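The values are calculated or read from the model by the stated rules, or taken from the named source; none is laboratory data. Bear in mind that the values here come from a model prediction, so they are computed numbers and not experimental data. Positions of Cβ are generated from backbone atoms using ideal geometry, with glycine treated the same way; all protein chains shown enter the neighbour counts.
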């Protein structure tokens, strides 16, 4: 689909982020059965809640600009999920699986942060300042998830080190 002006580019970028948010939500739902640690499971369930809130915010962005999302064919997240499943099956140790899941979640969220920063700039360029505010809230949610993920990773490592020292 040829893009002729900044607004069309913005709608395409916003559509991409919305479509990817749906895919990420599905990825989180697919991660959930593999998680056995109750703390990590609870954190993942909270992420799912936040993802649904972000999806509703993106829908509001489309309402504000008077557009509908366009259908895109991006496969980045599909490939990510395929690779994730394949790599996860090869990991035998439960703690290593948890570490792997947290690391992959960290990769995804950081990638999403970059998408939101570019989208916020595009919203500003096209004069959609109210949409920029909504997108900033989505970005803040993503940044909070990165910080929480760091805490989960640190706690996982500290617990395993403490167990080793005690043994």
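Just name the residue that is farthest from residue 100 (Cα to Cα) out of those in region 142-165 that are touching a helix residue (DSSP H, G or I) at 6+ places or on another chain (Cβ under 7 Å) and surrounded by fewer than 18 Cβ atoms within 10 Å (Cβ to Cβ).
Residue satisfying both the conditions and the ranking: 143.
Tell me yes or no: at least one residue of region 72-83 is at pLDDT 95 or above and under 19 Å from residue 52 (Cα atoms). So far as region 72-83 goes, no, none of its residues is at pLDDT 95 or above and under 19 Å from residue 52 (Cα atoms). Restricting attention to region 17-57, the residues that are at pLDDT 85 or above, under 19 Å from residue 111 (Cβ atoms) and over 13 Å from the mean Cα position of the chain (by Cα) add up to 1.
Among the residues of region 58-112, those identified as in a loop (DSSP other than H, G, I, E, B) and within 19 Å of the chain's Cα centre (by Cα) are 69, 72, 73, 74, 75.
Tally the residues that are more than 20 Å from the chain's Cα centre (by Cα) and exposed (fewer than 14 other Cβ atoms within 10 Å of the Cβ), restricting the search to region 125-141.
The qualifying residues number 4.
Note on region 1-51: residues that are assigned to a loop (DSSP other than H, G, I, E, B) and either in contact (Cβ under 8 Å) with a residue 24 or more places away in the chain or under 25 Å from residue 93 (Cα atoms) (or both) amount to 4. State whether one or more residues within region 57-76 are under 30 Å from residue 38 (Cβ atoms) and without any contact (Cβ under 8 Å) to a residue 60 or more places away in the chain. There is no residue in region 57-76 that is under 30 Å from residue 38 (Cβ atoms) and without any contact (Cβ under 8 Å) to a residue 60 or more places away in the chain. For the condition assigned to a helix (DSSP H, G or I) and at pLDDT 90 or above, residue 131 qualifies.
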